[in-house]
Amino acid sequence: MPDASSPGSHAKAGKPSIIRPLIFILFLAGALAAVRYFHLQDYVEKERLQRFIAGFGIWGPIIYLAVWTAAPPLFLPGLPITLAGGVLFGPFWGVVYTIFGATVGATLALLVARYLARDWVAARIAGTKLSTLDDKVASQGWKIVAFTRLIPIFPFFLLNYAFGLTRISLWSYTVTTFFAMMPATVAYVYFSSNILDLIQGKISRGLIIGAILVVIVSLIPVIYRKVKARRGESLEL
């Protein structure tokens, strides 16, 4: 799933951190607190909310896809948008709309970097490990895209721009991004599609499964870091 790290974090891009899980927990806690404080439980019942969104017809998904398409180029945080997809559209369509929207947005960011803002992006990533990304892509191609999506050791939005300075083909980048982001997207959307149960005071089976999926996805970079450290290897690509 798309990372929620801020663009200003690229100075530490080589080190996996707990920033994304922490942001996820804080966002979730804040949303639950707001619902309880304003007594909104009755208004955010799952079926009622999804019927409300369905009432907008095709405009609901179109607006959601438009937001996701604009998010990566504008450095907007992706986690809240992803969670909203599960809440508003359910586990299946939430994943469909999120993965397509995030992929289109990531591709748009690459095109902006490649054809419109090349100098700005080059200055942005100067001095970071992302500045050598083109050499890695030249030797390993789509595998580097898959690796950086599955093991999010670099900020998602800055990474999209950085790939725009490489020789990766648009087709390879787009297809690999789509499939490599799928595990995290499924985990977070499935979890958020059941989060309203928690607001209603219920611990459903779907909520538990979703939480387990989120934990597994969040542990991937941690496990990777430990394996690399045990081998005495750096976290460089």
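What follows draws every value from the coordinates through simple rules; no lab data is involved. The structure presented is a predicted model; accordingly, all values stated were derived computationally and were not measured. Heads up, the Cβs are rebuilt from the backbone with ideal geometry, glycines too, and the neighbour counts pull from every protein chain shown.
When the Karplus curve 6.51 cos²θ - 1.76 cosθ + 1.60 is applied with θ = phi - 60°, which whole-Hz ³J(HN,Hα) does each residue of segment 126-131 get, with x for Gly and Pro?
4, x, 10, 5, 5, 5
Could you check the simple spin-label distance between R48 and L74, using points 7 Å along Cα→Cβ, in nm with one decimal?
3.0
So for each of 102-111, 68-77, 137-146 I average, over its residues, the number of other beta carbons within 10 Å; can you give me the resulting order with the highest mean first?
Highest-to-lowest ranking by the protection proxy: 102-111, 68-77, 137-146.
Apply the Karplus parameterisation 6.51 cos²θ - 1.76 cosθ + 1.60, with θ equal to phi minus 60°, to every residue of segment 190-196 and state each ³J(HN,Hα) to the nearest whole Hz, in sequence, with x for glycine and proline.
4, 4, 5, 5, 10, 5, 5
Can you compute 3J(HN,Hα) from phi for each residue in segment 218-227, using the Karplus curve 6.51 cos²θ - 1.76 cosθ + 1.60 with θ = phi - 60°, rounded to whole Hz and x for Gly and Pro?
5, 7, 4, x, 5, 5, 4, 4, 5, 5
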